[in-house]
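The values are calculated or read from the model by the stated rules, or taken from the named source; none is laboratory data. Nothing here was measured: the structure is a model prediction, and the numbers come from that model. Backbone-built Cβ (ideal geometry, glycine too); neighbour counts: all protein chains shown.
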Amino acid sequence: MSNPQQLRYSKEHEWLSVAEDGVSTVGITEFAANALGDVVYAQLPPVGDTVTAGETCGELESTKSVSDLYSPVSGEIVEFNQDVVDDPALVNTAPFEGGWLFKVRVAEEPGDLLSAEEYAALTHSDN
Amino acid sequence: MSSAPRLTALDALHRSLGATMTDFAGWDMPLRYASERDEHNAVRTRAGLFDLSHMGEITLTGPEAVKVLDYALVGNISTVGVGRARYTHICQADGGIVDDLIVYRLGETEFMVVANASNAQVVLDAITERAAGFDAEVRDDRDAYALIAVQGPESPGILKSLTDADLDGLKYYAGLPGTVAGVPALIARTGYTGEDGFELFVSPGHAVELWQALTKAGEGVGLVPAGLSCRDTLRLEAGMPLYGHELTTSLTPFDAGLGRVVKFEKEGDFVGRAALEAAAERAASNPPRKLVGLIAEGRRVPRAGFPVVAGGEVVGEVTSGAPSPTLGKPIAMAYVDAAHAAPGTSGVGVDIRGTHEPYEVVALPFYKRRK
């Protein structure tokens with residue numbers, strides 16, 4: 001699997017896009033999606049919610065388990081992906097694209113986000 | 001027991017297929033190869049290939065082998081004809097379920113008992129102990145067999161292309177020795193998916209060869225390798241109990257709605273008889289919780305151990321739950337107080353991490369194949 005170079009990654013397996021006008025897009029990585037198995041339910045943070053880096057802000061449910069969704073940054077939710085709510089399998093089929101989860105107006109970014117190479121090393125995946 | 005997981009004869013093959021592996025009862029088993037939903041749907045509509053080599057085989061031979069089983073198990077094994085199989089339970093003296101089993105009668109004086117992987121040792125020990133004083137031999141055959149299942153509507157055609165055995169004459173819950181793809185096999189028409197299908201007991205040394213032959217034979221009809229994850233959703237839709245979930249030592253077969261497997265009419269005593277007679281009376285006069293099906297109105301998935309609620313009170317507990325690929329909704333099996341167990345009972349929900357999600361009570365199974 002390949003982790004896009006332009007994204008940054010959290011140790012909890014979320015990815016974060018480069019901010020445009022202060023807004024970043026967040027999703028989970030392909031590694032995380034594969035580990036979950038088929039995602040069947042996504043509870044995403046509502047617009048206007050304030051999220052905190054490293055804290056839970058929703059949940060992703062797969063056939064076998066439910067996993068907390070963590071926000072990689074602090075800020076305010078400006079949009080969530082209704083397509084994923086309607087068709088959670090998008091998280092499996094296109095985790096870095098159509099399966100994005102929410103957009104957040106970034107207030108504060110933690111200093112420990114990883115580059116694609118660092119994240120690949122963390123997951124032992126070849127990049 | 002060693003801490004290193006046991007590997008089946010097909011382990012390298014699973015890895016070459018990119019399987020996600022999981023520990024199951026001390027075995028490293030394929031959980032899924034790609035999407036478990038696709039594997040599930042393949043078994044419902046075409047065919048799936050399973051490695052079930054973790055199941056525990058126990059062979060009984062000897063003039064009194066049948067007497068051992070009639071004494072050790074709750075079923076009437078004397079009435080099982082040669083070449084036929086029977087679903088049954090083994091119980092404790094107090095009536096609690098030790099395991100659910102399939103017993104194959106391979107000959108007049110030869111039987112194979114198949115136990116769940118997690119219980120194989122306990123079942124082996126119990127049968128060995130209960131065989132004392134009978135003219136019969138109990139043999140641990142766990143290492144003698146690999147078990148490959150081909151399940152789904154295309155499975156008869158796939159198997160037919162690889163064997164001369166009379167599959168049309170092989171009824172559901174029957175088994176006969178034969179040759180499949182040149183490999184000696186016990187061919188059983190059994191499974192745990194709710195579909196037509198076969199389970200092939202073969203020597204571990206022949207497992208790879210047989211798997212590859214089945215894969216090739218199924219190529220044109222959509223056979224896919226299938227893991228334990230879809231096996232669980234398939235059996236759940238079919239309303240089949242799983243030991244450790246619907247069946248435990250703290251429940252009798254009557255508590256589990258499976259009193260029909262207990263055959264009081266058979267001759268002689270059997271382990272658990274007195275306790276089970278009392279359990280049968282209790283179940284008739286003062287029904288305990290009943291095993292029911294629940295279908296979600298929403299999309300959140302109930303899991304084992306979640307409370308079933310009605311009117312703010314806990315009225316039961318989920319034993320198994322999963323998103324159902326066939327129904328497109330989350331489903332569960334649950335033990336529910338008799339007052340709330342009737343199909344259509346309104347106001348029943350499941351407490352999913354603090355939120356009471358509405359559920360419809362239905363009779364089991366959720367899915368029954370058209371014959």
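Scan the range A:97-111 residue by residue and report those that are part of a loop (DSSP other than H, G, I, E, B) and at pLDDT 90 or above. Correct list: A:Glu97, A:Gly98, A:Gly99, A:Trp100, A:Leu101. Of all the listed residues (B:Glu313, B:Glu360, B:Glu317), the sole one being under 30 Å from B:Val43 (Cα atoms) and without any contact (Cβ under 8 Å) to a residue 40 or more places away in the chain is B:Glu317. Of the residues making up the range B:309-338, those that are more than 14 Å from every other protein chain (Cβ to nearest Cβ) and modelled with pLDDT of 95 or more number 13.
Listed by position, the strands (runs of 3 or more DSSP E) contained in the range B:80-165 that have at least 1 residues being touching a residue at least 40 places away in the same chain (Cβ under 8 Å) and out of contact with any Ser or Thr (no Cβ under 9 Å at 6 or more places or on another chain) are B:85-91, B:110-115, B:146-151. Could you tell me whether the range B:184-203 includes any residue that is of a type outside the set (Asp, Glu) and part of a helix (DSSP H, G or I)? No; the residues of the range B:184-203 include none that is of a type outside the set (Asp, Glu) and part of a helix (DSSP H, G or I). Taking the stated definitions as given, is B:Pro5 touching a His at 6+ places or on another chain (Cβ under 6 Å) and within 20 Å of B:Ala146 (Cβ to Cβ)? No, not satisfied. Scanning the range B:251-303 for residues that are within 14 Å of chain A (Cβ to nearest Cβ) and either farther than 30 Å from A:Ser65 by Cβ or buried (at least 17 other Cβ atoms within 10 Å of the Cβ) (or both) turns up B:Ala296, B:Arg299, B:Arg300, B:Val301, B:Pro302, B:Arg303. Among the residues here, B:Ala342 qualifies as of a type in the set (A, V, I, L, M), without any contact (Cβ under 8 Å) to a residue 24 or more places away in the chain and surrounded by fewer than 24 Cβ atoms within 10 Å (Cβ to Cβ).
Considering the range A:1-59, the residues that are part of a loop (DSSP other than H, G, I, E, B) and within 12 Å of chain B (Cβ to nearest Cβ) include one that is surrounded by the fewest Cβ atoms within 10 Å (Cβ to Cβ), namely A:Met1.
Within the range B:26-39, the set of residues being at the interface with chain A (Cβ under 9 Å from one of its Cβ atoms) and either among the charged types (D, E, K, R) or surrounded by 24 or more Cβ atoms within 10 Å (Cβ to Cβ) (or both) comprises B:Arg32, B:Glu36, B:Arg37, B:Asp38.
The residues listed here are B:Ile90, B:Ile97, B:Ile158; of these, the one that is buried (at least 24 other Cβ atoms within 10 Å of the Cβ), under 20 Å from B:Ala238 (Cβ atoms) and touching a Leu at 6+ places or on another chain (Cβ under 9 Å) is B:Ile97.
Of the residues making up the range B:1-25, those that are β-branched (Val, Ile, Thr) and either under 21 Å from the mean Cα position of the chain (by Cα) or away from chain A (no Cβ under 14 Å) (or both) are B:Thr8, B:Thr22.
Any chance the range B:225-245 includes a residue that's in contact (Cβ under 8 Å) with a residue 12 or more places away in the chain, outside any strand (DSSP E or B), of a type in the set (Phe, Trp, Tyr) and buried (at least 18 other Cβ atoms within 10 Å of the Cβ)? No, the range B:225-245 contains no residue that is in contact (Cβ under 8 Å) with a residue 12 or more places away in the chain, outside any strand (DSSP E or B), of a type in the set (Phe, Trp, Tyr) and buried (at least 18 other Cβ atoms within 10 Å of the Cβ). The residues listed here are B:Ala174, B:Ala115, B:Ala149; of these, the one that is farther than 15 Å from B:Asp51 by Cα and buried (at least 20 other Cβ atoms within 10 Å of the Cβ) is B:Ala115.
Considering the conditions (1) touching a His at 6+ places or on another chain (Cβ under 6 Å); (2) without any contact (Cβ under 8 Å) to a residue 40 or more places away in the chain, B:Glu209 is excluded by exactly one of them, (1). Only residues that are over 18 Å from A:Tyr9 (Cα atoms) and within 14 Å of chain B (Cβ to nearest Cβ) were counted across the range A:61-81, and they come to 6. Only one of the numbered conditions (1) surrounded by 13 or more Cβ atoms within 10 Å (Cβ to Cβ); (2) not in a strand (DSSP E or B) is not met by B:Lys368, and that is (1). State whether the residues of the range B:58-65 include one that is buried (at least 19 other Cβ atoms within 10 Å of the Cβ), out of contact with any His (no Cβ under 6 Å at 6 or more places or on another chain), assigned by TED's automatic domain parsing to the domain that holds B:Leu170 and farther than 26 Å from B:Val208 by Cβ. Looking through the range B:58-65, none of the residues is buried (at least 19 other Cβ atoms within 10 Å of the Cβ), out of contact with any His (no Cβ under 6 Å at 6 or more places or on another chain), assigned by TED's automatic domain parsing to the domain that holds B:Leu170 and farther than 26 Å from B:Val208 by Cβ. I need the full set of residues from the range B:324-339 which are buried (at least 22 other Cβ atoms within 10 Å of the Cβ) and over 19 Å from the mean Cα position of the chain (by Cα), in order please. Residues satisfying the conditions are B:Pro325, B:Pro330, B:Val336.
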